[in-house]
Structures are given as C-alpha cells and as structure tokens.
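To start, the structure under review is shown below, and the notes come after it.
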Amino acid sequence: MDFETICKKVTDVDPKIRFAGMINDKGRLIAGGMKEGKKPLEDIKDDEVLFMELVLRTKMRREFDKQLGSVKFAMSYREKAIVMSFPLDENVMLVSADTGIDFAKVPFKILKILGH
C-alpha cells in the first residue's frame, strides 16, 4: 500500500479525524494532509516546526526500545485536539482529531491499517 492510500484509510477510521499525514525523517510531509472540509488549527509555517519536532521526539523515544520495547504510538491530549504519532521505519504517521474521538479505540484501528 502506498502512503496516500494509508492516509486516506486512516482519515476514514472516524469522522472526528482532522489530519493524517506521513512525515519523513527530515520533517517533511510526504503524503496525506488535512481531511477535506476541515480547517487547520495552526499556521502552515507552524506545521513545519511541528513536523520537525515530531521526528526528533520519535527518534529520542527509540533510546528506550531495548528496555521497554518499541513505541507503537504516542498521543497528546490537548484542549483543541488529540494528536497521535505512529513510527513507521524512518517515517512517522501523524494524526490529529477532535477531542471527542474515542482515543481508547481509534489508535488501535490505525495500528491495524499500518500492519502492527
């Protein structure tokens, strides 16, 4: 499956998902993006910083893989959105959703799509 197809499948998991994108190891969006009909909560310039910071955090989490096992996903619950990241080799799937999403189920549905 190509990254665009994966991103589309992820956005279809739940109507509250706003964004699903694949970020490469340089912090660049290489597939996916904002769901049609949704408006971004942040500025495009802020996206670049967010993507680079996400990649850095993902790489830093690998420091504990030997002791704790590899990270399957990470989640931040914010006032305006829930943000989830899913490491995939050198890339990271970034997903943002409205706060009303069922965060006990949705990440595991996404993991199935990603083959985990």
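The values are calculated or read from the model by the stated rules, or taken from the named source; none is laboratory data. Bear in mind the structure is a predicted one, so any value in this text is a computation, not a measurement. Counting neighbours? That spans all protein chains shown, and the Cβs are built from the backbone with ideal geometry, glycine included. Accessible surface areas use protein heavy atoms only, side chains included; no ligands, DNA or RNA. Shrake-Rupley method; radii C 1.70, N 1.55, O 1.52, S 1.80 Å.
What are the trypsin sites (Lys or Arg not before Pro) within the stretch 56-116 that DSSP puts in a loop, where the Cβ has at most 16 other Cβ atoms within 10 Å?
Sites meeting the loop and neighbour criteria: K72, R78, K80, K105.
Could you tell me whether the chain comes out rounded, prolate or oblate from its Cα gyration tensor? Rule is a ≥ b ≥ c as square roots of the eigenvalues, rounded for a/c under 1.5, then prolate if a/b exceeds b/c, otherwise oblate.
On the way: a/c = 1.40, a/b = 1.23, b/c = 1.14.
Because its axes are fairly even, with a/c under 1.5, the chain counts as rounded.
What is the stretch 74-115 by shape, rounded, prolate or oblate, if you read a ≥ b ≥ c off the alpha carbon gyration tensor as root eigenvalues and call it rounded for a/c under 1.5, prolate for a/b larger than b/c, and oblate otherwise? Could the numbers behind the result be given before it?
Values: a/c = 2.96, a/b = 1.52, b/c = 1.95.
Oblate, since a/c reaches 1.5 and b/c is not below a/b.
Could you tell me what percent of the accessible area of the chain is made up of carbon and sulfur, with a 1.4 Å probe and every protein chain present? Working shown, then result.
Values: 3980 of 7310 Å².
Within the chain, the accessible surface is 55 percent carbon and sulfur.
Which value in nm describes the separation of the simple spin-label points at M52 and F108, placed 7 Å from the Cα toward the beta carbon?
Roughly 3.8 nm, to one decimal.
Identify which of A81, A20, A97 has the largest mean-square fluctuation in a Gaussian network model of the chain, with springs joining Cα atoms closer than 10 Å.
Judging by the Gaussian network model, the answer is A81.
Can you give the helix-only mean residue ellipticity at 222 nm for the chain, where every DSSP H stretch with n ≥ 4 adds -39500 (n - 2.57) and the sum goes over all residues, rounded to the nearest 500 deg cm²/dmol? Spell out each step's value before the answer.
Numbers: 4 runs with 40 residues, N = 116.
Rounded to the nearest 500, the figure is -10000 deg cm²/dmol.
Take the cross-link list K9/K39; K8/K66; K39/K59; K8/K109 and give me the ones stretching past 22 Å between alpha-carbons.
Numbers: K9/K39 19 Å; K8/K66 33 Å; K39/K59 29 Å; K8/K109 13 Å.
Among K9/K39; K8/K66; K39/K59; K8/K109, the Cα-Cα distance tops 22 Å for K8/K66; K39/K59.
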